[in-house]
Amino acid sequence: MQTKNTAKKIGPKVAKKAEIKAAEKKEVQTKAKVAKAKPEKKKKEISKEILKVQKKIKAKKHVLFRGRFGKRRIRRISNKKWQRWRVPRGIDIEMKQHDGYRPKIGYRFAKGIRHLHPSGYPEKTVFNVEELMAISNEKKPYVIRVAGKVGKRKRIDIVKKANELGLRILNYRY
């Protein structure tokens with residue numbers, strides 16, 4: 001703690017901050033001393049983790065800045081003003097001409113949530129019922145996406161079997 005003399009020398013605001021920091025250090029030290037045993041994970045805790053993952057995924061999505069010249073393809077095309085090519089300014093603009101695509105630094109997900117669907121579960125593509133059965137036998141929960149090449153008859157069989165097994169299908173259509 002600070003005495004009155006030192007508090008006057010350094011100022012009342014700085015003294016208050018120093019007291020707060022000292023209190024925080026004491027709290028951290030007491031928390032470090034008391035180590036609690038971790039309880040086993042339950043289904044409710046897993047759902048909380050999934051909600052955290054969903055929040056991280058939503059926070060990662062950025063709105064694309066397109067500049068202040070408007071989208072030429074959406075605006076009135078009959079107007080000659082929008083048919084002219086103007087230099088796009090900035091690095092994040094859709095219409096900018098470039099020398100091939102390059103990934104921009106900083107747009108990668110964290111390793112824990114990199115290949116997950118926004119629901120929080122990993123995604124698997126299924127072509128037939130046998131693959132669906134193999135996925136249902138695995139311990140890890142998955143969400144299913146039926147491949148686009150699969151026809152109507154097989155798709156109906158896959159959807160029925162997935163409903164029996166309690167698996168979620170992302171592109172549910174007949």
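Values in this text are rule-based calculations from the coordinates and carry no lab data. Quantities reported herein were computed from a predicted structural model and do not represent experimental measurements. Backbone-built Cβ (ideal geometry, glycine too); neighbour counts: all protein chains shown.
Taking Cβ atoms as reference points and 14 Å as the exclusive limit, the residues near Ile20 contribute a net charge of +3, counting Lys and Arg as +1 and Asp and Glu as -1.
With one equal scatterer per alpha carbon and no solvent term, the Debye-computed log10 I(q)/I(0) for region 121-174 at 0.17, 0.19, 0.28, 0.30 1/Å reads -0.42, -0.53, -1.21, -1.41.
When +1 charges are put on Lys and Arg Cβ atoms and -1 charges on Asp and Glu Cβ atoms, the dipole computed for region 121-174 relative to its Cα centre reaches about 240 debye. For Val146, nonlocal amide neighbours, meaning residues 5 or more places apart or on other chains whose placed amide H falls under 5 Å from its own, are Val126, Leu170, Asn171.
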